[in-house]
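**Q** To start, I am sharing the structure in question, which I have written as structure tokens.
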Amino acid sequence: MNIGILALQGDFSKHKEAIEAVGHRALLVKDEATLNQCDKLIIPGGESTTQLLLIDKLGLRDPLINFGRSKAIMGTCAGLILLGTTREHLPAEPLKLIEIEVKRNAYGRQVNSFIDTVHLNLDGDEIDFEGVFIRAPKIMSIGKNVRELGRHRDEIVMAANERILVATFHPELTEDYRIHRYFIEKIGS
Ligand code: GLN
């Protein structure tokens with residue numbers, strides 16, 4: 001499969017490594033023509049404000065929204081913020097492809113970044129996963145079409161609707177590719 005990775009800003013190269021490690025082709029997406037060659041897309045972590053400004057500057061907002069209406073997208077950390085429904089502290093509306101209310105930088109500053117085990121339930125498959133949280137957002141609430149896929153303590157840290165998968169942490173920063181595999185094999189297909 002051709003898995004696109006939005007490569008405007010942030011840690012897209014780690015997602016590229018993960019996609020190649022699980023045997024798929026990774027395309028770095030900076031324009032609509034490349035997006036059109038992709039079967040699925042990843043929006044990486046980084047700085048959601050910068051990524052959103054670049055999306056609008058490069059005319060990618062409508063192409064991304066249209067992509068997400070028929071194909072699967074995974075957003076990690078800043079990518080989750082862009083896919084959610086909360087505008088607060090963003091320079092423009094997010095893409096609103098998944099009904100989640102989000103709070104940016106909800107654990108505090110950079111020094112409050114941490115690694116801890118998260119508990120996932122991937123369609124009945126219960127696993128522990130190393131969650132890398134870097135100035136992470138929190139999911140404050142999920143809509144009725146959204147299902148919870150993982151928790152850290154009392155917090156929902158991973159969720160999905162039919163085509164959109166989001167995580168507040170960074171699965172690409174571990175060498176455990178189960179979440180990437182789950183996205184490719186199970187979401188939107
Ligand atoms: N704090 C960043 C933001 O609000 C997200 C951090 C990340 O992607 N690791 O955009």
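The values are calculated or read from the model by the stated rules, or taken from the named source; none is laboratory data. Note that the structure is predicted; figures quoted are calculated from it, not measured. Ideal geometry is used to build each Cβ from the backbone, glycine not excepted, and the neighbour counts take in all protein chains shown. Surface accessibility is based on the protein's heavy atoms, side chains included, excluding ligands, DNA and RNA. Shrake-Rupley method; radii C 1.70, N 1.55, O 1.52, S 1.80 Å.
**Q** Count the net charge of all other residues whose Cβ sits under 14 Å from the Cβ of ARG151, scoring Lys and Arg as +1 and Asp and Glu as -1. Display every interim value, and only then the final one.
**A** On the way: positive: LYS138, ARG147, ARG153; negative: ASP116, GLU126, ASP128, GLU148, ASP154, GLU155.
Counting the neighbours of ARG151, the net charge comes to -3.
**Q** Can you compute the helix-only [θ] at 222 nm over the chain? Use -39500 (n - 2.57) per DSSP H run of at least 4 residues, normalise by all residues, nearest 500 deg cm²/dmol.
**A** Rounded to the nearest 500, the figure is -7000 deg cm²/dmol.
**Q** Could you report the range 19-62's accessible area per residue, 1.4 Å probe, as an integer in Å²? Let's see the in-between values first.
**A** Numbers: 2040 Å² over 44 residues.
In whole numbers, the range 19-62 has 46 Å² accessible per residue.
**Q** Calculate what fraction, in whole %, of the accessible area of the range 75-189 sits on carbon and sulfur atoms when a 1.4 Å probe is rolled over the protein chains.
**A** Values: 2320 of 5460 Å².
For the range 75-189, the apolar C and S fraction of the accessible surface comes to 42 percent.
**Q** State the extension gain, in nm to one decimal, for the chain segment bounded by ASP154 and ALA21, taking 0.36 nm per residue of separation less the distance between their alpha-carbons.
**A** 44.7 nm
**Q** Another one. First check a/c for the range 72-164, with a ≥ b ≥ c the square roots of the eigenvalues of its C-alpha gyration tensor; if it is under 1.5, answer rounded, and if not, answer prolate when a/b is larger than b/c or oblate otherwise.
**A** Because a/c hits 1.5 or more and a/b fails to exceed b/c, the range 72-164 counts as oblate.
**Q** Quick one: Debye curve from the alpha-carbon atoms of the range 54-117 only, equal weights, vacuum; give me log10 I(q)/I(0) at q = 0.15, 0.18, 0.26, 0.29 Å⁻¹ to two decimals.
**A** After summing over all Cα pairs, the log10 values are -0.54, -0.73, -1.20, -1.35.
**Q** Sticking with this structure for a sec: Output needed: percent of Cα pairs per 10 Å distance bin for the range 88-132, bins running from 0 to the one holding the longest distance.
**A** For the range 88-132, the pair-distance distribution reads 19, 32, 39, 9.
**Q** Right, something else. How many percent of the alpha carbon pairs in the chain exceed a separation of 30 Å?
**A** Percentage above 30 Å: 9.
**Q** Any chance you could check the Cα centroid distance between the range 17-78 and the range 112-139 for me, in angstrom?
**A** Using only Cα atoms to place each centre, the spacing works out to 22 Å.
**Q** Related question: Taking 8 Å as the Cα distance limit and 6 or more residues as the minimum spacing, I'd like the relative contact order of the range 120-189 as a percentage. Can you show the working numbers first?
**A** Working: 83 pairs, mean separation 19.9, N = 70.
This gives 28 percent for the range 120-189.
**Q** Given a cut-off of 29 Å, name the pairs among LYS14/LYS57; LYS40/LYS144; LYS40/LYS138; LYS30/LYS71; LYS16/LYS144 whose C-alpha atoms lie farther apart than that in the structure shown. Don't skip to the end; give the middle numbers.
**A** Details: LYS14/LYS57 24 Å; LYS40/LYS144 24 Å; LYS40/LYS138 24 Å; LYS30/LYS71 18 Å; LYS16/LYS144 32 Å.
Long pairs (Cα-Cα over 29 Å): LYS16/LYS144.
**Q** Let me ask you something else. Leaving out ligands and nucleic acids, note down the accessible area per residue over the range 75-164 with a 1.4 angstrom probe, in whole Å².
**A** 50
**Q** Whenever you get a sec, compute what percent of the accessible area on the range 6-51 sits on carbon and sulfur atoms (1.4 Å probe).
**A** With neighbouring chains kept in place, the figure for the range 6-51 is 43 percent.
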